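This report concerns only the one structure given below.
The values are calculated or read from the model by the stated rules, or taken from the named source; none is laboratory data. From a predicted model like this one, the values you see are computed outputs, not experimental measurements. Glycine also receives a Cβ, built like all others from the backbone with ideal geometry; neighbour counts cover every protein chain displayed.
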Amino acid sequence: MNSNPGFATVVVSLICVLVLSVSIVTSEAIYSFSATSPRISGPEQAISKGPKGVVIAGNATLTSLIKKANALYIAGEYKDAISYYDKALVIQPNNASLLVNKGNALSQIGNFTGAIKTYDQALVIRPNSSNNFSIFVNRGNALFQSGKLDEAVKSYDRALAIKPNLKNAITNKANVLFELGNYTGAIIYYDKALSMTSENSMILINSKAHALFELGNYTGAIIYYDKVLSIAPGSASAQEGKYRAVLALNNSTKK
């Protein structure tokens, strides 16, 4: 991975999507490796289908296992949550939502290989769901953490194919492109993320400044470091980045 001392800010901003399945909320959630706390909007309902495809509620045992697993997940007891997801999966082995939730918990404890495998199992069961964008982002994050950067980009692309304006996938793709040394591509995606919202704009601007520096565009880098410093004058990363960019610019003009 990139040894640039300023790159820590880029990695810290990686946004991840962990998906939970609960018997109350029907949406899938997004989790984050960012400096902010993981955001979990609510797990999706675990359901089973009758012989004619009619959706029916899970039995009492399954429902209680899911509730317990999700409560443990939200409490940060990920290993115990995995144990309960596994118990529920004994009853419903083809429940994609349970597999996704288990994958999220595996990611939270750093078992990214297990998480990727579990996400892939969910995608086999549920290949065409409009909610799969969250699985692909989570999967991309796990691949990134496993050092499989090219595969991570492909996973983010699959998320964006479903939801083109998904900022989490756009930002994460930019960060991985940076790691791959594709600074021009990273800037394109940082700009896309910046055009969508002001949230985390300081981190995105700082990351773009790093990419400009790596491309040798020292003047552009200084401009963007200054933008960060106008928002957060005490930013050590931007201060150091600007200092390095000014030195590099001065050295280049002397040649």
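Observations, loosely collected:
- Residue in the range 163-177 that is surrounded by fewer than 19 Cβ atoms within 10 Å (Cβ to Cβ) and aliphatic (A, V, I, L, M) present: no
- Whenever a residue of the range 233-255 is in the same structural domain as residue 202 (by TED's automatic domain parsing), its partners that are surrounded by fewer than 13 Cβ atoms within 10 Å (Cβ to Cβ) and modelled with pLDDT under 95, lying with C-beta atoms within less than 8 angstrom and at least six residues away or across chains, give the pairs 237/8; 240/5.
Listed here are the residues, each with its yes/no results for (1) assigned to a loop (DSSP other than H, G, I, E, B); (2) under 14 Å from the mean Cα position of the chain (by Cα); (3) small (Gly, Ala, Ser).
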| position | (1), (2), (3) |
| --- | --- |
| 61 | no, no, no |
| 89 | no, no, no |
| 154 | no, yes, no |
| 161 | no, no, yes |
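- Complete set of residues in the range 207-238 that are part of a loop (DSSP other than H, G, I, E, B) and within 20 Å of residue 251 (Cβ to Cβ): 215, 216, 217
- Boolean, residue 98 is buried (at least 24 other Cβ atoms within 10 Å of the Cβ), part of a helix (DSSP H, G or I), in contact with a strand residue (DSSP E or B) (Cβ under 7 Å, 6 or more places away or on another chain) and not small (Gly, Ala, Ser): yes
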